[in-house]
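Single-structure report; data block below.
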Ligand SMILES: N[C@@H](CCC(=O)N[C@@H](CS)C(=O)NCC(=O)O)C(=O)O
C-alpha cells in the first residue's frame, strides 16, 4: 500500500495522523505540489482530481478523498477504533467529522486558495482554472472562526470532539486549527475548552506526523 503524500499539505497530514494513531507504517511517495507534480500524467492515473492524498493498494486500486482513505484503513486496521465502537459512537464521529470538514475545512480552503498569491488562477484544486474571489477569502475567515467557536462549545463537557475518546473527528479538528494558523487565525483567548483540548491532542505523538 502506498500513500501519495505531500509533507507540507494539510489533507494528506490527516491521513498520516490517522495512520500514526493506529501505528500503521505506510510507504509514502512525495508529490511536490509546489512544482505541480499533481498534474503529471502519471499522477493523473492515480487521481484524476490531481490532489493528494491518494492511497494505492497492492492490487492497483486507488482510493482518493481523506474520509474514504480513513474508512478503508479503519476496516483493515480496526484497532484502536477511530470511528467509535458502537452505532451511536460511529454516528457521532461521522457527524462531527462532517461538520468540521464542511464548515471549518471548506471555509479554510476558501481563505487559503482565494488569498494566496501563488494560487492565482488556481482557486479550486484540479486541472481546471478558477480565478480567485477575494470576498470568498473574507467570508471563509468568518466561517473558520464560527467553526472554532462551535468546537469550543462542544468541548465544554466533552473530553474530545466526538465524546470521551480520540477519533477521526479529532484528527480533522487538529488539522483545522493548524491550517487556520497559516492565515493567522488562532484559537481565541476566550475559547478555553478548545485550547485545553488542542494542548492535549497536539502533544500526542501522532501530531508530529
Ligand atoms: N477533497 C480532497 C481534498 C484534497 C486536497 O485539497 N488536497 C490538496 C492538498 S491539501 C491538494 O492536493 N492540492 C493540489 C493543488 O493545490 O493543486 C480530500 O479530502 O482528499
Residue satisfying all of: in segment 58-70; under 13 Å from the mean Cα position of the chain (by Cα) and either surrounded by 19 or more Cβ atoms within 10 Å (Cβ to Cβ) or more than 16 Å from the ligand (Cβ to nearest atom) (or both); farthest from residue 149 (Cα to Cα) among these:
69
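On the basis of being within 13 Å of the ligand (Cβ to nearest atom), more than 30 Å from residue 135 (Cα to Cα) and not in a loop (DSSP other than H, G, I, E, B), does residue 55 make the cut?
Details: within 13 Å of the ligand (Cβ to nearest atom): yes; more than 30 Å from residue 135 (Cα to Cα): yes; not in a loop (DSSP other than H, G, I, E, B): yes.
Criteria met by residue 55.
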Has segment 71-89 got any residue that is under 24 Å from residue 112 (Cα atoms), more than 11 Å from the ligand (Cβ to nearest atom) and in a loop (DSSP other than H, G, I, E, B)?
no
With respect to the numbered conditions (1) within 16 Å of residue 172 (Cα to Cα); (2) touching a strand residue (DSSP E or B) at 6+ places or on another chain (Cβ under 7 Å), which one is the sole condition not fulfilled by residue 89?
(1)
Among 49, 32, 25, which is in contact with a strand residue (DSSP E or B) (Cβ under 8 Å, 6 or more places away or on another chain), more than 21 Å from residue 177 (Cβ to Cβ) and in a loop (DSSP other than H, G, I, E, B)?
49
Looking at segment 35-46 only, could you name the residues that are more than 10 Å from the ligand (Cβ to nearest atom), over 21 Å from residue 1 (Cβ atoms) and either in contact with a helix residue (DSSP H, G or I) (Cβ under 8 Å, 6 or more places away or on another chain) or part of a helix (DSSP H, G or I) (or both)?
41
Is at least one residue of segment 120-131 away from the ligand (no atom under 13 Å from the Cβ) and not in a helix (DSSP H, G or I)?
yes
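No lab work stands behind these numbers, since they all come straight from the coordinates. All values derive from a computational prediction rather than experimental measurement. With ideal geometry, Cβ positions are generated from the backbone for all residues, glycine too; neighbour counts draw on all protein chains shown.
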